[in-house]
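Working notes, beginning with the structure itself.
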Amino acid sequence: MSLPFILFFIFAFVSVAGALFLILAREPIHSALSLILVMMSLAVLYLMLGAEFIAAVQIIVYAGAIMVLFVFVIMLLNAGTEERTDFSKIAKYAGLPLGIFLLLELGHWMAHSLIGKTPANGAGSANVMVSTRDLSMQLFQKYLFPFEATSILILIAILGALVLAKRDE
Amino acid sequence: MSVVPVSYYLVLSAILFGLGVVAFVFKRNIITIFMAIELMLNAVNLAFVAFARAWNQLDGLVFVFFVIVVAAAEAAVGLAIVITVYQNRQSLNIERVNLLKF
């Protein structure tokens, strides 16, 4: 076991544990905090994959901006303990086996999808370091139009949020 | 130095996506359901970054950037909808929002 493997397993475990706690927690604020934990450990995994810019954006935008918005709304609406409902019979008996089957299926096919790849192209082979400069060149040349389109998307989102949250006079 | 294979990241991504689906289906709080959507988007982002690394292509990272932008816009509009639902129903339970239920 070398250091990258140990780091990977630590942060993979932390992220899966955070996702599990998101499901098991009854209070929405606990779910939000565990989701922040998942995002932080995913940022570390992005760093290990050599994507520094994405890791920084993950922390600043996701764990920072978006989750602060979530926590703000949770506190604004004073969201208390979640009520449990009695599940339907189908969900009770078919849901869990089908869910486990979906997990196994996804894991199996993703694990075998790259079996034929040469190790030289494997993750972290460190022959080509992806730099933020290359990423920005790509973003502002090849993907310039989608980049500009996202600004219009954000403008529409701001207007939509304002209209929706406006209290009726 | 041995390195972590891409398939490990993809398995982790699949597990996180599956847990996101489970949370989406099982949770009863509207805000928590939104968080489950964010978890699924994160899992997809991890797969994008892993594939971008495996093929040494930057397009995957650009896609992650766009996914994060769309997630931010979606969170802003979605939480505004949550606030409106709460004003109308005085509850965050998804079972109470059944106007269109047949």
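Each value in this text was obtained by applying a stated rule to the coordinates, not by laboratory testing. All values reported here derive from a predicted model rather than from experimental measurement. Because the Cβ atoms are built from the backbone with ideal geometry, glycine has one as well, and the counts that use them run over all protein chains shown.
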Checklist entry - Using only helices, what value at 222 nm comes out for the protein assembly as shown when you add -39,500 (n - 2.57) per DSSP H run of length 4 or more and divide by the total residues, to the nearest 500 deg cm²/dmol? => result -24500 deg cm²/dmol
Next on the checklist: Using a 10 Å cut-off around each Cβ of peptide B:44-51, what is the average number of partner chain Cβ atoms that fall inside?
Outcome noted: 5
Next on the checklist: Let me spell out the model: positive unit charges on the Cβ of Lys and Arg, negative unit charges on the Cβ of Asp and Glu, origin at the Cα centre of chain B. What dipole size does that give, in debye rounded to 20?
Outcome noted: 340 debye
Checklist entry - Averaged over peptide A:159-166, how many Cβ atoms belonging to another chain are found within 10 Å of each residue's Cβ? => result 5
Next on the checklist: What do you get for the angle between helix B:30-55 and the principal long axis of chain B? Use alpha-carbon atoms, 0 to 90 degrees, nearest ten.
Outcome noted: 10 degrees
Checklist entry - Using a Förster distance of 30 Å, how high is the FRET efficiency between A:PHE140 and B:GLN87, based on the Cβ-Cβ distance and rounded to 0.05? => result 0.10
Next on the checklist: At a 10 Å Cβ-Cβ cut-off, how would you order A:PHE9, B:PHE17, B:PHE24, A:PHE140, fewest neighbours first?
Outcome noted: A:PHE140, A:PHE9, B:PHE24, B:PHE17
Item to check | Cβ-defined net charge surrounding A:LEU69, 15 Å radius [Lys, Arg +1; Asp, Glu -1] | outcome: -2
Checklist entry - Quick one: A:HIS112, A:HIS30, fewest Cβ neighbours within 10 Å first, how do they rank? => result A:HIS112, A:HIS30
Item to check | Relative contact order (percent, whole number), chain B, Cα cutoff 8 Å, 6+ residue spacing | outcome: 27 percent
Item to check | Distant-in-sequence amide H partners of B:ASN93 (H built 1.01 Å from N, under 5 Å) | outcome: none
Checklist outcome for this item: Pseudo-spin-label distance A:GLU27 to B:PHE102, built 7 Å along Cα→Cβ, given in nm, is 4.1 nm
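Let's test the formula: R0 of 22 Å, r as the Cβ-Cβ distance of B:VAL67 and A:ILE158. What FRET efficiency results, to the nearest 0.05?
0.70
Taking the number of other C-beta atoms within 10 Å as the exposure measure, put B:ARG28, A:ARG167 in order starting with the fewest.
A:ARG167, B:ARG28
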